[in-house]
Amino acid sequence: MARHILKCEKCNIYTMSETCKCGGKAIPIKPAKFSPKDSYGEYRRQVKKVEWKEKGLL
């Protein structure tokens, strides 16, 4: 089984074990797999455009 880096939900520390030293649960932090056939790209771009307008970047 391949091992991946995990991040504690409770204290935000990176670890390789399922549970952190603080007792919190560690979750995988890998991003979603990229696909050129992604049907949600248009929606992500719309949200970014609104956020950029609010920040005055557009």
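FYI, it's all coordinate maths here, none of it is from the lab. For clarity, every value in this text was computed on a predicted model and none was experimentally measured. Glycine gets a Cβ as well: all are built from the backbone with ideal geometry, and neighbour counts include every protein chain shown.
Odds and ends about this structure:
- Taking Cα atoms only, the orientation of helix 41-55 departs from the longest principal axis of the chain by about 80 degrees.
- You can think of it this way: the chain between H4 and I29 has 8.1 nm of extra reach, that is 0.36 nm per residue less the Cα-Cα gap.
- Near T15: Cβ cut-off under 13 Å, other residues only, Lys/Arg at +1 and Asp/Glu at -1. The net charge is +3.
- Ignoring the sites themselves, the chain has its longest run without trypsin sites (Lys or Arg not before Pro) in a DSSP loop having at most 13 other Cβ atoms within 10 Å at 38-58.
- Sparse packing (at most 13 other Cβ atoms within 10 Å of the Cβ) combined with a DSSP loop state is found for the following GluC sites (Glu not before Pro) in region 1-56: E9, E18.
- Spatially close Lys pairs in the chain, defined by Cα atoms under 13 Å apart and a spacing of eight or more places or different chains, total 5.
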